[in-house]
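Asker: So that we are looking at the same thing, I have put the structure below in structure tokens.
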Amino acid sequence: QVQVAESGGGLVQPGGSLRLSCAASGSIFSIDTMGWYRQAPGKQRELVATITSGGNTNYVASVKGRFTISRDNAKNTVALQMNSLKPEDTAVYYCIVRSLGINYWGKGTLVTVSS
């Protein structure tokens, strides 16, 4: 079993920054892709960013140039640096860890962007 835990959410003003962190623990043999999804109130969950074990990244168009995903393979962690935040970034952010074909999800951390 793999456990996934996010941290770093909170309230930030438009234009501000937050850094989300996610740690995977438990019975881990290997991790392929790690990433972040988000779900705003009344909306479907959407992909925000992913990063492969080799460091290849992908972002949803709305966050390109503002968000940066990174990982530390030795520590089984992934982070999301969020800059120039906008009110529309407000959502619960979920970390996903893919290991041996199975997706493991965190419980989410709330990010609120408001003045």
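Asker: Considering only residues that are at pLDDT 95 or above, touching a strand residue (DSSP E or B) at 6+ places or on another chain (Cβ under 6 Å) and either acidic (D, E) or not in a strand (DSSP E or B) (or both), which ones fall in segment 1-13?
Answerer: Passing the criteria: E6, G8, G9.
Asker: Please enumerate the residues belonging to segment 15-45 that are polar (S, T, N, Q), part of a loop (DSSP other than H, G, I, E, B) and touching a strand residue (DSSP E or B) at 6+ places or on another chain (Cβ under 9 Å).
Answerer: S17, S27, S30, T33, listed by residue number.
Asker: I'd like the full set of residues that are assigned to a loop (DSSP other than H, G, I, E, B) and open to solvent by 80 Å² or more (accessible area, probe 1.4 Å), limited to segment 46-62.
Answerer: Selection gives N56 alone.
Asker: Given (1) open to solvent by 40 Å² or more (accessible area, probe 1.4 Å); (2) touching a Pro at 6+ places or on another chain (Cβ under 7 Å), identify the lone condition not met by S27.
Answerer: Failed condition: (2).
Asker: Report the residue count in segment 63-97 for those that are open to solvent by less than 60 Å² (accessible area, probe 1.4 Å) and touching a residue at least 24 places away in the same chain (Cβ under 8 Å).
Answerer: 21
The values are calculated or read from the model by the stated rules, or taken from the named source; none is laboratory data. From a predicted model like this one, the values you see are computed outputs, not experimental measurements. Note that each Cβ is placed from the backbone with ideal geometry, even for glycine, and that neighbours are counted across all protein chains shown. SASA here: full protein model, heavy atoms, side chains in, ligands and nucleic acids out. Shrake-Rupley method; radii C 1.70, N 1.55, O 1.52, S 1.80 Å.
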